[in-house]
Amino acid sequence: MNPVSKRRREFLGTAATIAGAMIAPGVFLYDYAHGKAPGEAASGKVRWGMLIDTTKCASGCRDCVDACNQENGLPGTTRPTDSQWIRKVDLKDLKTGKAISAPVMCQHCADPPCVDVCPTGASFKRADGIVLVDRHTCIGCRYCMMACPYKARSFVHEPTTGQKPDVPRGKGCVESCTLCVHKVDRGGTPSCVEACAAAGHHAIVFGDLNDPQSEISKRVRAVATTQLRADLRTDNGVRYQGI
Amino acid sequence: MRAAGILRAAIVATLLLSGSAMGPVASAAGPALDPPRSGPCVEDPKLMRRSHMEFLRHDRDDTVRRGIRPVKHSLAACVDCHANAKDGQVLGSEQHFCQGCHSYAAVKPDCFGCHASTARPATTASAGAAGSLR
Ligand code: SF4
Ligand code: SF4
């Protein structure tokens, strides 16, 4: 970079900082931790993510799964064709005997293969990193289910009843964990995270990975965390500790 | 095809319902619908009869794609206001708001294959009415 453009960049950087300080000297217009006011569009300044501490996740506990089913109006049954947005996975290292149990849901990839293959644009990533299916556009082709390395998506095979007003779902569409987007948009926390905390495990932290002050960012800075199948380079929003 | 069907139905509904006041109407002028729960509609009822599907289509994209929750034309807010006082439903009989008008106009609404046809609990619903939080 030539010296002039470097100086220019430095100047622009300083100018932006000063402007920012002048607009909001220590005062935030709304709860910054939640990224946006309900009437505002999702912004790329935020990257929602989760950190799952497998050392705190109890084998046999299904509180997160039950909370997800309850929140999103899923039947909670496990016939081969039933929807599962989150499942508990138990793993054991055969050499050492180390066993872990952890929930696995949509990893909210920054480079989501499901979005790449979707022929209609129904699978999409919101500006704030939440990967969703727009059921108005989904034709039920299930390419995304094939492309997802985490088996995160389900197809609705039967007519649905008892949907939650905030979580429409119906026959013929693909669906998966939405990060409880209807709650997050109103400043809330995903139901699995709340249920895990209510049970005293506190194994899941939810927050903005882009905000250096958020709990999740501090934890990700302080401890070694892993993305599942990091070799696939999908850059997951869900990270695991202790695997 | 579907757009044409909706348009035809909208015209039929407009012709049949124009002149009928909000509230139960048991005459040849239109279906006898449950009265809405409270307050005026977010738009002029005549405009709503003709264009509600357009409004819903635009605002749903803002909500689903961009995460804007308090939209003016929210289907959940429609349901909150127009649900039957007894069973909290907009579907079920010819008096129920959505089913009554749609079957009168011989159009099948697609929305409720996926969307709940039941009003939200009062606390969320009042938040919904205030800002159409959806
Ligand atoms: S985990 Fe699967 S469904 Fe979720 S964003 Fe990644 S590829 Fe898509
Ligand atoms: S964030 Fe919500 S939708 Fe996703 S797994 Fe947790 S409870 Fe289920």
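The values are calculated or read from the model by the stated rules, or taken from the named source; none is laboratory data. What you are looking at is a predicted structure, and each value in this text was computed from that prediction instead of being measured. Here Cβ is always computed from backbone atoms with ideal geometry, including for glycine, and neighbour counts include all displayed protein chains. Please note that ligands, DNA and RNA were not included when accessible areas were found on the heavy atoms of the full protein model with its side chains. Shrake-Rupley method; radii C 1.70, N 1.55, O 1.52, S 1.80 Å.
Straight-line cross-link partners of A:Lys95 among the lysines, defined as a Cα under 26 Å from its Cα and at least 8 positions apart when in the same chain: A:Lys56. Distant-in-sequence amide contacts of A:Ser123, defined by a placed amide H-H separation under 5 Å and a gap of 5 or more residues or a different chain, comprise A:Asp134.
Calculate the FRET efficiency for A:His201 and B:His58 from the Cβ-Cβ distance with a Förster distance of 56 Å, rounded to the nearest 0.05. Working shown, then result.
Details: r = 43 Å, r/R0 = 0.76.
The value I calculate is 0.85.
Interface residues of the stretch A:156-190, defined as those with an accessible-area decrease of at least 40 Å² between the chain by itself and the complete set of protein chains (probe 1.4 Å), are A:Gln163, A:Pro165, A:Asp166, A:Pro168, A:Arg186.
Is the stretch A:31-83 best put as rounded, prolate or oblate by its Cα gyration tensor, with a ≥ b ≥ c the root eigenvalues, rounded for a/c under 1.5, and otherwise prolate when a/b is larger than b/c, oblate when not?
Numbers: a/c = 2.97, a/b = 1.62, b/c = 1.83.
Because a/c hits 1.5 or more and a/b fails to exceed b/c, the stretch A:31-83 counts as oblate.
May I ask for the angle, rounded to the nearest 10°, between helix A:63-72 and the longest principal axis of chain A, with both axes built from Cα atoms and the value confined to 0 to 90°? That works out to roughly 90 degrees.
Give the A-B buried accessible area in Å², both sides summed, 1.4 Å probe, nearest 100.
The buried area between A and B, both sides summed, comes to about 1800 Å².
Put the Cα centre of the stretch A:154-192 next to the Cα centre of the stretch A:69-113 and the gap is 16 Å. Entry note, chain A: the mean residue ellipticity at 222 nm calculated from DSSP H runs of n ≥ 4, each adding -39500 (n - 2.57), is -7000 deg cm²/dmol after division by the residues and rounding to the nearest 500. Remark: accessible surface ordering of A:Lys95, A:Lys45, A:Lys56, A:Lys171 (largest first) is A:Lys95, A:Lys45, A:Lys171, A:Lys56, probe radius 1.4 Å. Within the straight-line cut-off of under 29 Å between alpha carbons, the lysines reachable from A:Lys125 are A:Lys36, A:Lys45, A:Lys88, A:Lys151, A:Lys164, A:Lys171, A:Lys183, A:Lys218, B:Lys72, sequence neighbours fewer than 8 places apart in one chain being disregarded. The mean sequence distance of close C-alpha pairs (under 8 Å, at least 6 residues apart), as a share of the length of chain A, puts its relative contact order at 27 percent.
Rolling a 1.4 Å probe over the protein chains gives B:Arg57 an accessible area of about 100 Å². Stretching A:Thr81 away from A:Asp111 to a fully extended chain increases their span by 8.1 nm, per 0.36 nm per residue minus the current alpha-carbon distance.
Sorted by packing (mean other beta-carbon atoms within 10 Å per residue), highest first, where do A:236-242, B:33-39 land? Please report the intermediate quantities before stating the final value.
On the way: A:236-242: 22.3, B:33-39: 15.4.
Ranking, from highest mean packing down: A:236-242, B:33-39.
Note on the stretch B:43-111: with neighbouring protein chains present and a 1.4 Å probe, carbon and sulfur make up 57 percent of its accessible heavy-atom surface.
Extending 7 Å from Cα along the Cβ direction at B:Arg66 and again at B:Ala106 yields two label points whose distance is 3.9 nm. Put a dot 7 Å past the Cα of B:Gln95, heading toward its Cβ, do the same for A:Gln213, and the two dots end up 5.6 nm apart. Annotation: aspartates and glutamates with alpha-carbon distance below 14 angstrom to A:Lys98 (same-chain offsets under eight excluded): A:Asp90.
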